[in-house]
Amino acid sequence: MEIPYPGEMAAVATAFCWAVSVMSFDAAGRRVGSMAVNLIRLLIAFVLLTGLTTLLRGRPLPTDAPPSTWLYLSLSGFVGFFLGDLCLFRSFLLLGPRLATLLMSLAPPLAALGGIVLLDQHLRPLNWVGMAVTLSGVAWVVIERPLREPPVHRPHKVTPWGVTLGVLAATGQGLGMVLGAMGMRLDDGTKYNPIAATQIRALAGIVGFSVLFLALRWFGRVWAALGERRAMTWITVGAFAGPVAGVSLAMLSIQLIPVGVAQTIMAILPVMIIPLVILIHKEHVSLRALIGAIIALVGVGMLFYSPAS
């Protein structure tokens, strides 16, 4: 049976998978630190992706990818998994989770502009309206609902460097998606396998973090984290939900619909987190946050029913 709106549905599933991974990595990061989590999650994801590609494609590594595919997907992984995440986590420290998350709302329009310039993907006016409605709802949720964050001794200050890092994080995510879409376009007009594409992206991220850890002598953090059984359980869950399932679905989505539309739908991650924090952490969610979530979902509905030209 054919699934209606497969690209849009893949983007929604991506947002849900990423919400699960955020909750998992948050639990692990509180025990072993976010930097160790970053590298370990990609290592675990690469092993899982290798198993999947062996099972589904009959080859453990993406040896069938042409050089151009390797180039664009490696750049996509380096920009998205490594540079983007580095800027994001640093902006979290400088600005606080809410403002840093809010700045990530710039990723969809940046991805849309990249799609126009580099992929010749032109959006209709209703697409832009749907993007604006969705991101407005997401912004409302982020501003209204206090994100889970550890107490600090001083309030976060809005600094130019913090804002710059937040914008760079959004740029990394948006550009990473555009480069990923470029890498999956093959010369014969077909599309490269999204799971194998994710494997290449994860490998590039591993290389980036490994070089950083070697330069800063941080591998001791990794060895210490490997001994934390509960943290490793959460990292494994998050690795499957995020870099494996979530990113593979994201790669599938941008094969089927414009990257700007896909990135906008994926941006409802803060909305997807709401039911999880209610169920897992028993947190109270305000009526205003729920209204913001409804607005975001209305915008997503507009994107479903307004296909790009």
Say whether the condition of being crowded, with 21+ Cβ neighbours inside 10 Å, in a helix (DSSP H, G or I), of a type outside the set (Phe, Trp, Tyr) and over 22 Å from the mean Cα position of the chain (by Cα) is met by at least one residue in segment 209-228. yes
Go through segment 182-199 and report how many residues are over 12 Å from SER68 (Cβ atoms) and either assigned to a helix (DSSP H, G or I) or in contact with a Pro (Cβ under 6 Å, 6 or more places away or on another chain) (or both). 6
Determine the pairs where a residue that is touching a residue at least 12 places away in the same chain (Cβ under 8 Å), located within segment 287-305, has a partner that is surrounded by fewer than 17 Cβ atoms within 10 Å (Cβ to Cβ) and basic (Lys, Arg) with Cβ atoms under 9 Å apart, the partner being 6 or more residues away or on another chain. none
Restricting to helices (runs of 4 or more DSSP H) lying wholly in segment 20-108: which have 2 or more residues that are under 22 Å from LEU212 (Cβ atoms) and in contact with a helix residue (DSSP H, G or I) (Cβ under 6 Å, 6 or more places away or on another chain)? 34-57, 67-77, 85-95
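Do we find that GLU8 is surrounded by fewer than 21 Cβ atoms within 10 Å (Cβ to Cβ) and of a type outside the set (A, V, I, L, M) in this structure?
So GLU8 does not fit the description; no.
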If you check every pair at least six apart or on different chains, which have Cβ atoms under 6 Å apart with a residue in segment 88-101 that is charged (D, E, K, R) first and a residue that is buried (at least 18 other Cβ atoms within 10 Å of the Cβ) and assigned to a helix (DSSP H, G or I) second? ARG90/LEU165; ARG98/VAL142
(1) in contact (Cβ under 8 Å) with a residue 12 or more places away in the chain; (2) within 25 Å of ARG185 (Cβ to Cβ) all hold for ARG41 apart from (2)
Does GLY7 qualify as being assigned to a helix (DSSP H, G or I), more than 15 Å from the chain's Cα centre (by Cα) and either modelled with pLDDT of 90 or more or more than 13 Å from ALA239 (Cα to Cα) (or both)? yes
Within segment 35-74, restricting attention to residues that are more than 21 Å from ALA241 (Cα to Cα) and among the charged types (D, E, K, R), which residue is surrounded by the most Cβ atoms within 10 Å (Cβ to Cβ)? ARG59
Candidates PRO258, PRO243, PRO270 - the one that is farther than 28 Å from ALA28 by Cβ, crowded, with 21+ Cβ neighbours inside 10 Å and of a type outside the set (Asp, Glu): PRO258
Please pick out the residue among GLN263, GLN255 that is at pLDDT 95 or above and either among the β-branched types (Val, Ile, Thr) or in contact with a Leu (Cβ under 9 Å, 6 or more places away or on another chain) (or both). GLN263
Do you know which residues across segment 123-144 are of a type in the set (S, T, N, Q) and either in contact with a Phe, Trp or Tyr (Cβ under 8 Å, 6 or more places away or on another chain) or outside any helix (DSSP H, G or I) (or both)? none
Within segment 84-96, of all residues that are surrounded by fewer than 20 Cβ atoms within 10 Å (Cβ to Cβ) and within 17 Å of the chain's Cα centre (by Cα), the one nearest to ALA231 (Cα to Cα) is PHE89
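The values are calculated or read from the model by the stated rules, or taken from the named source; none is laboratory data. It should be emphasised that the depicted structure is a prediction, and the values quoted were computed from it without experimental measurement. Methodologically, a virtual Cβ is constructed for each residue, glycine included, from the backbone with ideal geometry; neighbour enumeration extends over all protein chains shown.
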